[in-house]
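A short worksheet on the structure shown next.
The values are calculated or read from the model by the stated rules, or taken from the named source; none is laboratory data. The model shown is predicted, which means the values in this text are computed figures rather than measured ones. Heads up, the Cβs are rebuilt from the backbone with ideal geometry, glycines too, and the neighbour counts pull from every protein chain shown. Ligands, DNA and RNA are stripped out before the accessible areas are found, and what is left, the full protein with its side chains, is counted by its heavy atoms. Shrake-Rupley method; radii C 1.70, N 1.55, O 1.52, S 1.80 Å.
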Amino acid sequence: MNWDEATTAPSVVRLDGVGFRYGTGPEILSEVSLDLPPRSFHFLSGPSGAGKTTLIRLILLSVRPTSGELRLFGETTADLAGDRLTQFRRRMGVVFQDFRLLDHLTTYQNVALPLLVQGYEEATFRGEVVELLQWVGLGDRIGAMPPTLSGGEKQRAAIARALIARPELILADEPTGNVDPALARRLLHLFVELNRLGTSVILATHDVALMDQVEAGRLILLDGRLYHDP
Amino acid sequence: MTASVLPPRPDESELGPIGRGLQIVPNDGGAGWTLVAVIAALAFLAALAAGAAVQVASAAATWREAISHEATIQVKPDPGRDGEADLARAAELARETPGIRTARILSRDDAERLLEPWLGAGLDLSDLPVPRLIALELARDPKPDLSRLALRLKIDVPGSSLDDHSAWLSRLAAVTAGIVGFAISAVILVLGASAGAIGFATRGAVTGHRDVVEVLRLVGARDGFVAWLFAKRFARLGLLGGLIGSAAAAAALLGLALLSDNGASGGTGLIAALAPSPWTFAAMAAIAVADAAVAGAVAWTAVKRFLKVHR
Ligand SMILES: Nc1ncnc2c1ncn2[C@@H]1O[C@H](COP(=O)(O)OP(=O)(O)O)[C@@H](O)[C@H]1O
Ligand SMILES: [Mg+2]
């Protein structure tokens, strides 16, 4: 690696010997190390229950490593709290496997939420949100409440919410798990397109067919260990 | 399937509100109303206490004002002395004192009329030795030296005494201070109880909406933003409860004043003191505002603490 590059562009995500267990339960991840350069695209795969969601929650600083070190955007994340924690989260966009849309808000409000909580005025983002919703094919569902959306529609709303604040890193947890193969392909290309524009992407999926469609790094979780496939 | 063939822009009236009308954390409905009822009941008590304190304080101020430029010289009849001469001498001494505007000798009839309430009307008092009075009107500036006048009176007119109401005034001051202090403690206690109820309700709300709170934080909300959402809501509930309670207290006070007016038209003294003044209502309104402030502050603190613990 070129020294210049290493100093000017630190890894987006870097794990060194990270172990994790929920409470006093079994170790879900052990000795996980990875180093993702900026603007990279990685699939995170592994069988159901392997710990994909857990690894994403670690990166999102929603849970903390039981051992080892996690660095984001070149900075350590140990003992983060309060507003410093929020600063890191604002640089990431996440698509939750279970969507986590707020049922009492319209699709439009849900997608606008990241901007709303950052204190932006509606006038500054309204057009952008509507456009993004159209782009993911929810143009006619903007006023709908999540409970009335189909699985695929929820998925797209969740994706739109993850993208709206233009994060540097996108964490997508099975973002194509609820849609037909055609839409899955389209959504996948949305992430590829974003990646081309400079966003780092980690896309968790257990769908091998999906991974074959894109040339990208592969991280495989198996029995608590992380393997790199080239 | 590219961005260039977007369907026409959707109807934006369906978007739902983003600004003022948006409840980012859903309302609790029932739980909110229970809290409003509790705060209203407590505010009712606090507003009554605050209103009563203001009433008493202002009535006391009125009385003080009324009698602080009055004093009386009393000349007791003494068979061995010339009563009329004593009266004239006492009045003269008073008039010589700087700061005493007038000294008016009350006639024997006046004196007898003052005794009527105790002795009954129509009684012939002409044979009885009735104490005679001289009414003094005091200037505010220069203040008369009443203790000096009292000494002069003792020397020249042995049967006389000077009453400047100071004993009564100091007792009035003590009673007023006691009542106001009592009311302030009551208000503080009641606000403290409201704060307890609000803290309890906030912790319930934030725990109940834990999933929403978590999503907000994961999409980039600061703890302060989340706390502010709850603080706003509870401040509003506090204000609502406070207004209901204070309005009820104001209505109760007005009702009481009306009742007493019916009994004694153009009432004086205690009855007049019951007529609520604008300050009384201001004090009651202040209770509502205090409820809102306490609710907001307590909710903010409780949520911040919750978020700190549940990182
Ligand atoms: N909140 C939790 N508490 C305890 N165990 C959990 C929790 N979430 C997940 N697990 C366990 O951790 C393991 C990995 O889960 P997860 O990360 O969801 O896997 P994946 O996303 O790969 O399907 C599973 O055995 C799961 O039961
Ligand atoms: Mg998962």
Quick test of your reading of the structure: A:Val179 fulfils all but one of (1) free of Cβ contacts under 8 Å to residues at least 60 places away in the same chain; (2) of a type in the set (A, V, I, L, M); (3) not in a loop (DSSP other than H, G, I, E, B). Name the failing condition by number. (3)
Taking the residues in region A:45-60 that are within 14 Å of the chain's Cα centre (by Cα) and buried (at least 21 other Cβ atoms within 10 Å of the Cβ) as candidates, determine which candidate is nearest to ligand 2 (Cβ to nearest atom). A:Lys52
In this structure, does A:His206 turn out to be open to solvent by 80 Å² or more (accessible area, probe 1.4 Å) and in a loop (DSSP other than H, G, I, E, B)? yes
Residue in region A:67-89 that is within 16 Å of ligand 2 (Cβ to nearest atom) and either assigned by TED's automatic domain parsing to the domain that holds A:His189 or open to solvent by 10 Å² or more (accessible area, probe 1.4 Å) (or both) present: no
Can you tell me which residues in region A:128-171 are touching a strand residue (DSSP E or B) at 6+ places or on another chain (Cβ under 8 Å), facing chain B (nearest Cβ under 9 Å) and open to solvent by 30 Å² or more (accessible area, probe 1.4 Å)? A:Ala165
Determine whether region A:99-113 contains at least one residue that is within 14 Å of chain B (Cβ to nearest Cβ) and either within 16 Å of ligand 2 (Cβ to nearest atom) or touching a His at 6+ places or on another chain (Cβ under 9 Å) (or both). yes
Out of region B:39-64, which residues are open to solvent by 50 Å² or more (accessible area, probe 1.4 Å), at pLDDT 90 or above and more than 17 Å from B:Gly181 (Cβ to Cβ)? B:Ala41, B:Phe44
Based on this model, can you work out whether A:Pro26 counts as assigned by TED's automatic domain parsing to the domain that holds A:Leu188, over 19 Å from A:Glu174 (Cα atoms) and near ligand 1 (Cβ under 9 Å from one of its atoms)? yes
Within the group A:Tyr108, A:Tyr120, which residue is surrounded by 24 or more Cβ atoms within 10 Å (Cβ to Cβ), over 20 Å from A:Ser200 (Cα atoms) and not small (Gly, Ala, Ser)? A:Tyr108
Can you report the number of residues in region B:215-232 which are more than 7 Å from chain A (Cβ to nearest Cβ), open to solvent by 20 Å² or more (accessible area, probe 1.4 Å) and of a type in the set (A, V, I, L, M, F, W, C)? 2
What's the number of the condition A:Ser62 fails, among (1) within 10 Å of chain B (Cβ to nearest Cβ); (2) within 14 Å of ligand 1 (Cβ to nearest atom); (3) at pLDDT 95 or above? (3)
